[in-house]
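Okay, so here's the structure we're looking at.
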Amino acid sequence: MFIRSLAVLVLCAAPALAQELSFDSGVDAKAVLDNLHRHPGDGIPMPRYTNSYYRWSTRECTTLSLPPGGPAKTEEVWLSSTDFEHDCYYRGDPRYGGGRDCYDRPAGTHRERVQIESRGNRSTNPWERETFQACLEGRWLDVRGLQTAYRYDIKEDPMQWGHFLATAGSKQKMDPDASGITAALVNSAGGFAVDFQDKWASYYAGETVKLHLELWKDVEGWFDSKAADLDLEVSAGPVWRAGFSGVQGLQSGKKYYVKWTFRRIGGVSKDSEMKGNQPEAVFQPSLSAAGR
């Protein structure tokens, strides 16, 4: 069997030599091998074939949202994923610079339609936008909640392809509205004060707000410098004031600004640290002395 396979290879690679062989009278294996040793690589191509080592797929994700007080359905989106096969083939004779080349070739594309509809008793606060993530990788489609006001049981509608039903379960906290509290920096007795307004104070009645404030001097052409910092906790309300008193080294006519964060403490929202707006003002000692 080995001799016959070798003779077939020589027939394909060297026709001139093959004409001298006669299968009726047998094959002189020694003569064939001697010829190969005398003329290595002459007219004998290396086998050329593909070999798929592994298969992989692209991954596409999107975020779908249910707005507060809006429709119970998200927008409709289409996702696509392309399959690839990693193939390799041999070229030339490895004794003379030949080797193996590999590449990824497309092997089909999948497309999926996705839309989510909420079911059950869903009630959210005005600032709470619920978000979901849908990802397609190959034929595998994953749909899950990202930031939601409820724990949802998500299943595909058996009557409608690509339509997912999210049944609301137990309620859970979401992040507070980052822009729900706004601040303004004003001149006041002893330096600066920060006036706050809480847009959603009525929803947080009886709860508290923790704040961290830093007063910075705007230094043109150089690094800004911190003038003071302050930590405090206040009762939730529509307006309140926090003062930077006794700050040394404030310079008249110079611009200052405040970096601040807040946390809602209570049962309505998570106590996530939220970054507030950055108010600024020019220091004017005359206004500070007047107590404005």
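Brief remarks on what is shown
- Unique residue being in contact with a strand residue (DSSP E or B) (Cβ under 8 Å, 6 or more places away or on another chain), open to solvent by 30 Å² or more (accessible area, probe 1.4 Å) and either over 15 Å from Val186 (Cβ atoms) or of a type in the set (S, T, N, Q) (or both) when the list is Ser202, Ser225: Ser225
- Residue that is modelled with the lowest pLDDT, among those in the stretch 235-259 that are assigned to a strand (DSSP E or B) and either open to solvent by 30 Å² or more (accessible area, probe 1.4 Å) or under 21 Å from Met174 (Cα atoms) (or both): Gly243
- Residue within the stretch 195-207 that is over 33 Å from the mean Cα position of the chain (by Cα) and closer than 15 Å to Asp271 by Cβ present: yes
The values are calculated or read from the model by the stated rules, or taken from the named source; none is laboratory data. These figures come from a predicted structure and were not determined experimentally. Cβ sites come from the backbone with ideal geometry, for glycine too, and all protein chains shown count toward neighbours. Keep in mind that these areas ignore ligands, DNA and RNA; they rest on the heavy atoms of the full protein, side chains included. Shrake-Rupley method; radii C 1.70, N 1.55, O 1.52, S 1.80 Å.
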